[in-house]
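*Asks:* What follows is a structure written as structure tokens; I'll ask about it next.
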Amino acid sequence: MVAVVRSSSEDVTVTHHASQRRAYLTLVLISLFCMMPFFWVVLAAFDPKASQFLQIPQGVTLDHFKNIFANESGMRWVLNSVVIVGSATILTLIFAGFGGYALSRTQAWWKRPLLYGIILVRIVPPPALIVPVYKVMLFLNDWINGLINQFTADVEQQQMLSRMFSFIDGYLGLILIHCAMQLPLAIWIMKTFFDAIPKDYEEAAALDGASQWQTVRHVLIPLALPGFAAAGLFAFINAWGDFLMPLMFTSSPELQTLPLGMFRAFLRVDAIDYGFLTALAVIYTLPAVIAFAFARKFLTQTFSGGVKG
Amino acid sequence: MSHIELIDIKKNYLGTEVVKGISVTIDQGEFAVIVGPSGCGKSTLLRMIAGLEDISSGELRIGGKVMNHVSPDQREIAMVFQSYALYPHMTVEENIGFALALKKVDKAEIKRRVMEAAQMLELEHLLERKPAALSGGQRQRVAIGRAIVKRPKVILFDEPLSNLDAKLRVQMRTELMRLHREFGSTVVYVTHDQVEAMTMAQKIIVLHNGYVSQLGKPMQLYREPENTFVAQFIGVPKMNLLRGKLQGNNFYLQSGQVVDIGNGYTSGNDLQLGIRPEHLKLQATSTQGGWTVDVVERLGVESFVHLHNATMEQLVVRVEGDCELAADIQVNLQFDAASCFLFSDKGQRLLRKPAIEQAAG
């Protein structure tokens, strides 16, 4: 009797193991299939004979990367992207900090309508916004360029200032557009985050003699750091990956950003250089990964124990 | 001088009056406890003193100066929050020293004063820790340290012990009283726990529905409650109230039972007889006592016997020591006539005649 029972239970475990093994095998295969493009990009970027097929490289080379920075304006693209997206992220965080705090603390009747209005901006597909936004930017552009022309007659200076502050084909315009696109989500994240910070902290600070600014500086910002990290990470990664806005609002090669550089390299008439393109893709991916690694430290750093909950 | 005067203070929230005209004076160095059930306006009143809420009408003076529109940090007060509100990103030392750092006090001086407060509260070994690494009682001490380091003239406490377990609460009560003696600041302490009020206060202010129900020394409230609310709020278990009518010295309960409450009261209908559980005596069990035992709570040092009569009126009797009575047993009660209170139908205390003459003279 006992022997029979044992053997049947062993059978069950065996079939159990077998089915589990099959499931894992399927999952591994699907994962490999999904990861194939990433493998290809990384391998081809370092492959002296990169092609459109996944292959084990014959050797390892950094020539593709050297090519990007030496023969093309790779450095300029990276710097443009970093400056524009970085500034847009910082600006987004400043506005989202103030806006999120105000929307969290106010009890006004327009709070809900406004919050949903803000998220509506996020729901509208960006291409639908191009025409009206372009119109507004064009108007502002004429105005700022008029101002610049008044300010200086030196053509070189005019060009320099125009590249900085133009709303179309200028850094300022692209920064503001990125900021506007990322702000709705960031405000929502910050508002939700401030909701979770009890008002007691601010009242305690007020009784400790802190001014409004000191309360923000010493109490609210440190407490909201994980929220800022989350909002900043989303803003940075979204803006970094945005292709449409730089395409619409810049034309001069000096303002070209990474995604545009990549796009135009891909469109070149002569033979496609897969090594060059994959190396560029690696460079394009890196900052997003770095941003995530940087924000992760703050994201997990939740505070507790200040108030008894 | 740091006495606090509240003159007809009122507070409106969106058209609802929460605090309905409170006039109280708290003397310098006094430990005043504002006590009342939740929703009576006690926290709002404290927050108005702190400057965290606007005062709708009336006048608040601290040390003789009108403070209605003075910002919280200019009032020379400190507050201990119910939630403690310790800054979680700062160490204990930074938390305690924050107010001084904001005032740009010299660093060495901050360190000295933080140490002094920490020694008083036995926190020296925790100065480097963050609030998350502290126990509830330790957080409570840090919150107090943050208040006393400013050397305020007035310290406000908003239900500071309500998050602690029962044992710690008893310990902190005595500690707060010791601190008050050493420190000498005026203290305004809000709680819903009448035990805290009775044990700590030099003056109790009982709030009810936005009004002051009665104020006075703890034992004064216990011995001479002005109305049924205070009578039942102060003292555990609460005072027994029985409805009925008075003829001469005899109070007739609805069940027809008669209680002799002594002379001096004016006869009348629709009255309430009040007597504390400790002023009732159980008499030898009998078969026709009129009171039936419901439950006996045996605590060892004392016992509380819950009783009801024919008309289902309930009473609690305190018995010294242990009391082994089975449920449903009939007992007789003896009322201590001198300790009987009489209240009107609306709950106002009625006085015996000689007492009225005394009060008038």
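*Asks:* When only Cα pairs under 8 Å and 6 or more residues apart are kept, what is the percent relative contact order across the stretch B:264-323?
*Replies:* It comes to 32 percent, rounded to a whole number.
*Asks:* Take every Cα pair under 8 Å in chain B that's 6+ residues apart, average their separations, divide by the length, and report that relative contact order as a whole percent.
*Replies:* 15 percent
*Asks:* A follow-up question, please. Any idea what the dipole of the stretch B:261-328 comes to, in debye rounded to 20, about its Cα centre with Lys/Arg Cβ at +1 and Asp/Glu Cβ at -1?
*Replies:* 200 debye
*Asks:* Summarise the partner chain shielding of B:77-86 as one whole number: the mean count of Cβ atoms from other chains within 10 Å of each residue's Cβ.
*Replies:* Mean number of neighbouring Cβ atoms from other chains: 6.
*Asks:* So, one more: Using the Cα gyration tensor of the stretch B:205-338, with a ≥ b ≥ c the square roots of its eigenvalues, what is the shape: rounded (a/c below 1.5), prolate (a/b larger than b/c) or oblate (neither)?
*Replies:* The shape class here is oblate.
*Asks:* Mind checking which of A:Ile237, A:Ala44, A:Leu207 is farthest towards the positive end of chain A's charge dipole, using Cβ charges of +1 (Lys, Arg) and -1 (Asp, Glu) about the Cα centre?
*Replies:* About the Cα centre, the residue reaching furthest to the positive side is A:Leu207.
*Asks:* Given the Cα-Cα distance of A:Arg268 and A:Gln158 and 0.36 nm per residue of separation, how much length would full extension add, in nm?
*Replies:* Full extension of this stretch gives 36.4 nm more.
*Asks:* Next question, about the same structure. Any idea which of B:Ile261, B:Pro354, B:Val331 is furthest toward the positive side of the dipole for chain B, if Lys and Arg beta-carbons carry +1 and Asp and Glu beta-carbons -1?
*Replies:* The Cα lying farthest towards the positive end belongs to B:Pro354.
*Asks:* What does the charge dipole of the stretch A:72-299 about its Cα centre add up to, to the nearest 20 debye, if the Cβ of each Lys and Arg holds +1 and the Cβ of each Asp and Glu holds -1?
*Replies:* Approximately 600 debye in magnitude.
*Asks:* Something else: Using helices alone, what [θ] at 222 nm do you get for the protein assembly as shown, with -39,500 (n - 2.57) per DSSP H run of 4 or more residues, divided over all residues and rounded to the nearest 500?
*Replies:* My calculation for the protein assembly as shown gives -16000 deg cm²/dmol from helical runs alone.
*Asks:* Compare the peptides A:253-260, B:270-277, B:201-208 by average per-residue count of other Cβ atoms within 10 angstrom and give them in order, highest first.
*Replies:* Per-residue Cβ counts within 10 Å, averaged per peptide and sorted highest first, yield B:201-208, B:270-277, A:253-260.
*Asks:* Work out the length of the dipole vector of chain B about its Cα centre, built from +1 on the beta-carbon of each Lys and Arg and -1 on the beta-carbon of each Asp and Glu, and round it to the nearest 20 debye.
*Replies:* So the magnitude is around 1020 debye.
*Asks:* Over what distance in Å are the Cα centres of the stretch A:167-241 and the stretch B:228-285 separated?
*Replies:* Using only Cα atoms to place each centre, the spacing works out to 64 Å.
*Asks:* Right, something else. Taking the highest mean first, how do the peptides A:166-179, B:236-249 order by number of other beta carbon atoms within 10 angstrom per residue?
*Replies:* Put in order of decreasing packing, that is A:166-179, B:236-249.
*Asks:* Follow-up question, since we're still on this one. What's the average, rounded to a whole number, of partner chain beta-carbon atoms within 10 Å of each residue's beta-carbon in A:235-248?
*Replies:* Partner-chain Cβ atoms within 10 Å, mean over residues of A:235-248: 0.
*Asks:* Antiparallel as a % of all DSSP beta bridges within chain B, to the nearest 5?
*Replies:* Around 75 percent of the beta bridges assigned by DSSP in chain B are antiparallel ones.
*Asks:* Mind checking A:205-216 for the average number of partner chain beta-carbons within 10 Å of each residue's beta-carbon?
*Replies:* 6
*Asks:* Can you bin chain A into rounded, prolate or oblate? Criterion: square roots of the alpha carbon gyration tensor eigenvalues sorted a ≥ b ≥ c, rounded for a/c under 1.5, prolate for a/b above b/c, oblate for the rest.
*Replies:* Here chain A falls in the oblate category.
*Asks:* Could you sort the peptides B:184-192, B:91-99 by per-residue average Cβ neighbour count (10 Å cutoff), highest mean leading?
*Replies:* B:91-99, B:184-192
*Asks:* OK, next. Can you put A:Ser73, B:Ser38 in order of Cβ neighbours within 10 angstrom, beginning with the fewest?
*Replies:* B:Ser38, A:Ser73
*Asks:* Once Lys and Arg get +1 and Asp and Glu get -1 on their Cβ, which of A:Ala96, A:Trp109, A:Trp143 lies farthest toward the positive end of the dipole of the stretch A:62-173?
*Replies:* A:Trp109
*Asks:* Anyone know which of B:Glu53, B:Glu76, B:Glu109 comes out most mobile in the 10 Å Cα GNM of chain B?
*Replies:* B:Glu109
*Asks:* For the stretch B:187-195, what does the Karplus curve 6.51 cos²θ - 1.76 cosθ + 1.60, with θ = phi - 60°, yield as ³J(HN,Hα) per residue in whole Hz, taken in order and with x for Gly and Pro?
*Replies:* Working through the residues one at a time gives 10, 10, 10, 9, 7, 9, 9, 5, 5 Hz.
No value in this document is a laboratory result; all are computed from the given coordinates. Here the structure is a predicted model, which is why all the values come from computation and not from measurement. So basically every Cβ, Gly included, is an ideal-geometry build from the backbone, and we count neighbours across all protein chains shown.
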